[in-house]
Amino acid sequence: MSTTDDRRRIDYIEFNVSSIAASRAFYGAAFGWTFTDYGPDYCEFSDGRLTGGFTTTAPVGSGGPLVILHADDLEKAEAAVTAAGGRIVTPIFAFPGGRRFHFADPDGYELAVWSKQ
């Protein structure tokens, strides 16, 4: 897959949950998802095609999961989001496995962009 294709695809979906154990139990039983734990506050899931995560580091809210896009160059992606009229909600920060930032699109939907670097 080329870099150009990489930046156009949804790469990850993250759910803020009240209980990782309860979410694992539900999605495992209902849909057969598999899981990888990354500490007490984070668990990655796989549905066999797409990966995502459950986290207890943010409040549970209405509005659905966090859609996460991928970029090879995070600073360039952040600049492109701003130039296109997006608003940075959370500036670039590090997490186990990479870095990311959150932004709001013109309608106020919050999304994120991540990179391994």
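Place a +1 charge on the Cβ of each Lys and Arg in region 20-108 and a -1 charge on the Cβ of each Asp and Glu, then give the dipole magnitude about the Cα centre in debye, rounded to the nearest 20.
120 debye
Would you please give the FRET efficiency between Ala22 and Phe95, computed as 1/(1 + (r/R0)^6) with r the Cβ-Cβ distance and R0 = 22 Å, to the nearest 0.05?
Step by step, r from the Cβ atoms, then E = 0.45.
I need two numbers for region 10-65: Rg to one decimal and Dmax as a whole number, Cα atoms only, in Å.
Considering region 10-65 through its Cα atoms, Rg and Dmax are 10.5, 27 Å.
Within the chain, what's the longest stretch lacking trypsin sites (Lys or Arg not before Pro) that sit in DSSP loops with no more than 11 other Cβ atoms inside 10 Å?
Answer - 50-115.
Ranked highest first by average number of other Cβ atoms within 10 Å, how do 36-43, 51-58 line up? Don't jump to the answer; show the numbers that get you there.
Numbers: 36-43: 13.0, 51-58: 17.4.
Put in order of decreasing packing, that is 51-58, 36-43.
If R0 is 35 Å, what FRET efficiency do you get for Tyr109 and Thr36 from their C-beta distance, rounded to 0.05?
The formula returns an efficiency of 0.80 here.
Sum -39500 (n - 2.57) across every DSSP H segment of at least 4 residues in the chain, then divide by the residue count to get the 222 nm mean residue ellipticity, nearest 500.
So the helix-based figure for the chain works out to -6000 deg cm²/dmol.
Each value in this text was obtained by applying a stated rule to the coordinates, not by laboratory testing. What you see is a predicted model; the values in this text were computed from it and never measured. Cβ coordinates were reconstructed from backbone atoms using ideal geometry, including for glycine residues, and neighbour counts include every protein chain displayed.
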